[in-house]
Amino acid sequence: MTNPSTDARLSALYQEVILDHYRRPRNKGALEAPTSHATLRNPLCGDEVDVQVKMSEGRVEDVRFGGQGCSISQASASMMTELVKGRTPEEVHALGERFAAMIRGEPGAASDAALGQARALSGVSRFPTRVRCAMIAWEAMARAVKVEAR
Ligand code: ZN
């Protein structure tokens, strides 16, 4: 059971996680020898995320992101980079689908352990105008590994 005070504590905790990734982004910068990259923009909010990947033997060996924008877009990119290393394009795509389900507010998706700290963004589902902010890093990643959204 959840009650309002639990929800409030959870959203405060999630806010901390989001701000931590925004202020101290993980894997931000440029790869020396990326095998591909993709840049996406969200003109509604002014967000830009560029994802660089280095693929090796069919898996993401390394990943970096660059860009600018709101805390949700940049924190989401930082969280995403922590989840995709070592994964195949198919696995990246599947994880992106689970993240998208959470951002759409699908029941149960917010407790998906595979999403790690990215679950801190589950509250975005209550703010439809911010959905794109949360999604662009994942969409750029999908393009970078060349798995088209189905
Ligand atoms: Zn934004």
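The values are calculated or read from the model by the stated rules, or taken from the named source; none is laboratory data. This is a predicted model, so every value here is computed, not measured. No Cβ is skipped: glycine too gets one built from the backbone with ideal geometry, and neighbour counts run over all protein chains shown. These area figures cover heavy atoms from the full protein model, side chains too; ligands, DNA and RNA do not enter into them. Shrake-Rupley method; radii C 1.70, N 1.55, O 1.52, S 1.80 Å.
Numbers at a glance
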item	result
Number of the exception - Glu97 against (1) more than 14 Å from Met141 (Cβ to Cβ); (2) open to solvent by 40 Å² or more (accessible area, probe 1.4 Å)	(1)
Matching entry among Arg119, Arg104 (being away from the ligand (no atom under 14 Å from the Cβ), under 26 Å from Leu13 (Cβ atoms), of a type in the set (D, E, K, R) and surrounded by 15 or more Cβ atoms within 10 Å (Cβ to Cβ))	Arg119
Considering residues of region 53-66 that are touching a residue at least 40 places away in the same chain (Cβ under 8 Å) and under 15 Å from Pro25 (Cα atoms) only, the residue farthest from the ligand (Cβ to nearest atom)	Val63
Residues within region 70-94 that are open to solvent by less than 10 Å² (accessible area, probe 1.4 Å), hydroxyl-bearing (Ser, Thr, Tyr) and more than 16 Å from Lys54 (Cβ to Cβ), tallied	3
Among (1) within 13 Å of the chain's Cα centre (by Cα); (2) touching a residue at least 60 places away in the same chain (Cβ under 8 Å); (3) within 16 Å of the ligand (Cβ to nearest atom) - the single one Gly69 does not satisfy	(1)
Residue, surrounded by the most Cβ atoms within 10 Å (Cβ to Cβ), within region 17-37, restricted to residues that are closer than 24 Å to Arg119 by Cβ and touching a residue at least 60 places away in the same chain (Cβ under 8 Å)	His21
